[in-house]
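For reference, the structure is listed below as structure tokens.
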Amino acid sequence: FRYPKATEIFEEIARQSINNNLLKYSVRGILLNAGICQLCRADAVAIQNSLERYQEIDPTFSGTREYKLLADLAASMDDGDVAKFTDAIKEFDGMTRLDPWKTTLLLRAKNELKKQEDDEDDLT
């Protein structure tokens, strides 16, 4: 899967939609999709940079549940904490059901995190 390209496309759609009165309300969902693609790369720095970029695209994004989910998932990846990752998804999903596409990609990101955790365990 080409996560960097997918992220780019979602971010571009968000940029084009933010100034359109009919589309601006869908921007936070689009940015969530972009962020999920970033999470699949399991690169904590890239995810943090993305969150900053999303703030530039939509200054109200940091006040959304989508932002909180991405920030919590990024923090749990940074900490290598699979349980915290899972809890953040459960909390979000309890209020807003995640569609199958998001669920599949989040599972991939979780598996990447588990793989990193297992690799660290092998070193000790």
At a threshold of 8 angstrom on Cα-Cα distance, excluding pairs fewer than six apart, so keeping six or more, what relative contact order does region 3-123 reach in percent?
25 percent
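If packing is taken as the average number of other Cβ atoms within 10 Å across a peptide's residues, how do 14-24, 105-115 rank, most packed first? Kindly include the intermediate steps, with their values, before the conclusion.
Working: 14-24: 13.5, 105-115: 17.1.
Top of the packing list down: 105-115, 14-24.
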What lysines sit close enough to Lys90 to cross-link, taking a C-alpha to C-alpha distance under 20 Å and skipping anything fewer than 8 places away on the same chain?
Lys68, Lys102, Lys110, Lys114
Of [x] 13.4, 39; [y] 17.1, 55; [z] 14.4, 54, the label for Rg and Dmax of the Cα atoms in Å derived from the coordinates:
[z]
Can you list the aspartates and glutamates whose alpha carbon is less than 14 Å from that of Lys115, not counting same-chain residues fewer than 8 positions off?
Asp43, Asp78, Asp79, Asp81
Taking the Cα atoms only, what angle lies between the long axis of helix 44-57 and the longest principal axis of the chain, rounded to 10 degrees?
10 degrees
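All other residues with a Cβ under 14 Å from the Cβ of Asp87 taken together, and with Lys, Arg as +1 and Asp, Glu as -1, what is their net charge?
Its environment carries a net charge of -1.
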Round to the nearest 10 and give me the degree value, 0 to 90, for the angle of helix 100-123's Cα axis relative to the longest principal axis of the chain.
30 degrees
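To the nearest 0.05, what FRET efficiency results for Tyr25 and Phe1 with a Förster distance of 25 Å applied to their C-beta separation? Kindly include the intermediate steps, with their values, before the conclusion.
Values: r = 28 Å, r/R0 = 1.11.
That gives a FRET efficiency of 0.35.
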Modelling each spin label as a point 7 Å along the Cα-to-Cβ direction, I'd like the Glu8/Asp99 distance in nm, to one decimal.
2.3 nm
In degrees rounded to 10, the 0-90 angle between helix 3-17 Cα long axis and the longest Cα principal axis of the chain is 20 degrees
Calculated from DSSP H runs of 4 or more alone, at -39500 (n - 2.57) each and per residue, what is the 222 nm mean residue ellipticity of the chain, nearest 500?
-25500 deg cm²/dmol
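List the chymotrypsin sites (Phe, Trp or Tyr not before Pro) within region 1-78 that DSSP assigns to loop and that have no more than 12 neighbouring Cβ atoms inside 10 Å. Could the numbers behind the result be given before it?
Details: sites: Phe1, Phe10, Tyr25, Tyr54, Phe61, Tyr67; in loops: Phe1.
Those satisfying the criteria are Phe1.
FYI, it's all coordinate maths here, none of it is from the lab. It should be emphasised that the depicted structure is a prediction, and the values quoted were computed from it without experimental measurement. Cβ atoms come from the backbone with ideal geometry, glycine included; neighbour counts cover every protein chain shown.
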